[in-house]
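Encoded as structure tokens, the structure appears first; notes follow it.
Derivation of every value follows stated rules applied to the coordinates shown; laboratory data play no part. Note that the structure is a prediction, hence the values are computed from the model and not measured. Note that we place each Cβ from the backbone using ideal geometry, even for glycine, and neighbour counts take in every protein chain shown.
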Amino acid sequence: MMRVMIADDHAIIRDGLKKIISTAQDMSVVAEAIDGADVVDRLRSTSVDVLLLDMSMPGKSGIALIQQIKANHPSLPVLVLSMYRESQYAVHAMRAGASGYLTKNVESGQLIGAIRKVGRGGTIVSPLVAEKLIQQLHRPASSFPHTLLTAREFQVFQMLVEGAGINEIAHRLSLSAKTVSTHKSNILTKMDIPSTAGLVHYAIQHGLIVAGADA
């Protein structure tokens, strides 16, 4: 029996995922987590075969959380389930150690198949993200200024365009406000964009932000 942990701060999503997973006879949900700290705590006390992880939760989340999980549990497959369809999110997640990246519009059968695949040591990326990634590979890197960002800078960029302020980002990422301000400055410089408003405009143009939806 494949043991699955669901990490998502929305109860309705966790309930839906549990119902989907309950239809598979070879897997069961053994734990749930609502934020990054909860994930870390649960993994200390629960034996898990696959972690189904939302990319954006209160506290430590996203790339930093994946890196921490893989540092402490290197053999644990992490399957990311996110609203973000931009291939850059998948690239950073996979580099951090995730075994798979799916968008939240995935069909139930595809989700079950993906859990099985990463649980058996495989990797998977949703078809839409894979298509965008292929398209990106065929375009000059200079066409995508956000690809110049480091994983941490991209995470700060994501939070900035979602409306988070310096202090909120610092709290969520366990960084100092000064460090976050430095990251913001580097982001603006690398992307040659003068303001946060410009970053938001860029994110909308390039599909890096999902209006009206949480990741």
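Observations on the structure shown:
- Relative pair counts by distance (%), Cα atoms of the chain, 10 Å bins: 8, 35, 36, 18, 4, 0
- For the cross-link pairs Lys104/Lys178; Lys117/Lys190; Lys117/Lys184; Lys60/Lys104; Lys18/Lys184, the ones whose C-alpha atoms lie over 27 Å apart are Lys104/Lys178; Lys117/Lys190; Lys117/Lys184; Lys18/Lys184.
- Phi angles across region 48-53 convert, under the Karplus curve 6.51 cos²θ - 1.76 cosθ + 1.60 with θ = phi - 60°, into 3J(HN,Hα) values of 10, 9, 9, 9, 9, 10 Hz, Gly and Pro given as x.
- Gln205 versus Glu162: modelled label distance in nm, points set 7 Å from Cα along the beta carbon direction: 2.3
- Estimated [θ] at 222 nm from DSSP helical runs (n ≥ 4, -39500 (n - 2.57)) normalised by residues in the chain, nearest 500: -15500 deg cm²/dmol
- Alpha-carbon centroids, region 153-210 and region 1-39: separation in whole Å: 30
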